[in-house]
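In what follows, a single structure is set out as structure tokens and then discussed.
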Amino acid sequence: QNSLSNLAAAKREELTQEMCANLGLCKDNKVIEVEKAKRIHAATGIPDFRVTPVFGAKGYPYVRVSLVTEDDQHRAITTTPQDLFTYSSGFRFRWTNKHLQSGLLPVTPGEVKSITVADVAFDILLPREGSGVRGVILADPCFSGSYVGCTYGSKLQTFERITGFINAASELPPSKGGIDFWMILGDNFYDRDGHETSQFFNALTAKAKSKIFAATPGNHDYWAAGSALISSKKKDQFANGFMQYYAMDTVASRNDSVKFIDFENSPDKGGPCKLKKNVPKQENFQSYFKIGNLGFISYSAIYPDEEQRPFLEEACHWLGGQSEVSTAFIIGHWNNGNLGAARGMSVPNVRSKVNMLEGCNKFGDNLKYFMGHTHCNEVTETGVGFMVAGMGMEGCGNFGVPVVDSTSDKTEVFYYPIQDAEDASKGDKYNVTVSCFEENGVGGCISLADKWA
């Protein structure tokens, strides 16, 4: 998030940085290049594979599996089973050096489904309906060298440490305390061209990539500088790279699970302020789904209430019929109404609206929310609302691992503090936390966490 008063300054800084880089005069160029080299070296060599939850209207015993490759590399990829992917196409509009393959995979909930991609094994486990689950949920992750910078990226070592705690949390199976899923709720690496995104996911292990994953877009995923008012029609991705890279199974796939993305809206239409003409259709970012005994409604706040109301009513109706769901979450990016969010469509506002709709109203305080945008990790509404955007960008400076856990008789939210960029007296707890995750699972390390709910 950038305040409106800083947008013009951010644009000037962006242009200055580009000129400086072109002239080779930036004093930080060498540092940035060294850090980029470290990230490339950190690559695991594991295929860029993803498992996302199926759109709830299709039923439960499926997941969407996807593979992103560079250029024509997909031609050499072999899989078991051979017909794993039914969709295969180069990225459209943005990040066009990438290729996406995707398909729905039938699974038996509670049983491991093993597949191979490029001779690498991925063991996928969709939890049984109604079973307790654990997941890491974060937002606004950045690391040094990103398009708009990353205030605390170097100090907090966010690239190494976010990939590190995701890998550690995924090391053990859920039965031994490991996580079932993880999510990123927008402003994903502040990435305009897809390079930072690929570097991040290339540092993840096969176990981390086998976990169920979900993502919702933020303002920087549409417009790299954070606002349509200073967007670049030719360079910004308008969430087109985002929606193809993360390959969520959404409302757009309702009638066609093969051609599951709606490309009707081109980012090259209209001018930079023609918001609706430049961004993809809202259905590409709307979904409802469940993982074990947790239900989720995901959406993007840039689309107005009157257009999203039918989806929210449908999602609540669906949730109301899921007897196995004990707690439901609204997941989105914006915690307030600035920088592209439509009036009344911030996550807290949407939670208030749907809490009165049939189906959602039965949950009461068990209808909760996670969000990002303002760069802090904190409880924003006691027992109900959680902000998880302290991942390196300017703001509070706190950094840690937010976890939701429904494996006991109630759903709990924990926060594992790692480091505070503004308060060295709190110490550095990364090594002890990651070691505990690897040895005991997230569920076996509660003593290291602050209890948020």
Cα extents of segment 56-99 along the principal axes, largest first, in whole Å, come to 34, 26, 11
Charge tally for neighbours of Asp140 with beta carbon under 11 Å away, counting Lys, Arg as +1 and Asp, Glu as -1, is -3
So for R0 = 41 Å, FRET eff. of Glu306-Thr116 from the Cβ-Cβ r, to 0.05, ends up at 0.30
With the dipole of segment 86-180 defined by +1 on each Lys or Arg Cβ and -1 on each Asp or Glu Cβ, the option from Gly177, Thr163, Ser146 whose Cα lies farthest towards the positive pole is Ser146
Taking a ≥ b ≥ c as the square roots of the Cα gyration tensor eigenvalues, with a/c under 1.5 meaning rounded and otherwise prolate when a/b beats b/c or oblate if not, segment 156-292 comes out oblate
Here the net charge surrounding Phe55, from other residues whose Cβ is less than 12 Å away from its Cβ (Lys, Arg +1; Asp, Glu -1), is 0
Sequence order, segment 196-205: Karplus ³J(HN,Hα) from phi using 6.51 cos²θ - 1.76 cosθ + 1.60, θ = phi - 60°, Hz rounded, Gly and Pro as x, gives 5, 4, 5, 4, 4, 5, 5, 8, 8, 7
In nanometres, the difference between 0.36 nm per residue of separation and the alpha-carbon distance of Asn431 and Glu381 is 15.0 nm
Loop-resident GluC sites (Glu not before Pro) in segment 390-435 with no more than 16 other Cβ atoms inside 10 Å, DSSP not H/G/I/E/B, are Glu394, Glu422
Per the 1/(1 + (r/R0)^6) rule, R0 = 35 Å and r from the Cβ atoms of Asp365 and Glu70, FRET efficiency to 0.05 is 0.15
Note on segment 105-172: alpha-carbon gyration tensor, axes a ≥ b ≥ c; rule is a/c under 1.5 for rounded, else prolate if a/b larger than b/c, else oblate; result prolate
The extension gain from Asp193 to Thr205, computed as 0.36 nm times the residue separation minus the Cα-Cα distance, is 2.0 nm
Given a 1.4 Å probe, the accessible area of the chain per residue, as a whole number of Å², is 39 Å²
Per its Cα gyration tensor (rounded if a/c is under 1.5, else prolate when a/b beats b/c, else oblate), segment 204-260 is best filed as oblate
Taking 88-94, 162-168 and ranking on average Cβ neighbours within 10 Å, highest first, one gets 162-168, 88-94
Over all Cα pairs of segment 236-319, the Kirkwood radius sets Rh, and Rg/Rh then becomes 0.98
Whole-percent carbon and sulfur contribution to the accessible surface of the chain (1.4 Å, no ligands, DNA or RNA) stands at 49 percent
Rounded to the nearest 5, the percent of antiparallel DSSP beta bridges in the chain equals 70 percent
Dimensionless Rg/Rh of segment 365-453, both radii on Cα and Rh by Kirkwood, sits at 0.97
Here the net charge surrounding Ile124, from other residues whose Cβ is less than 15 Å away from its Cβ (Lys, Arg +1; Asp, Glu -1), is +3
Answer in debye to the nearest 20: the dipole magnitude of the chain about its Cα centre, from +1 Lys/Arg and -1 Asp/Glu charges placed on Cβ, is 680 debye
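The values are calculated or read from the model by the stated rules, or taken from the named source; none is laboratory data. Keep in mind it's a predicted model, so treat the numbers as computed, not measured. Backbone-built Cβ (ideal geometry, glycine too); neighbour counts: all protein chains shown. Each accessible area value is taken on the protein alone, full model and side chains, heavy atoms only, with ligands, DNA and RNA left out. Shrake-Rupley method; radii C 1.70, N 1.55, O 1.52, S 1.80 Å.
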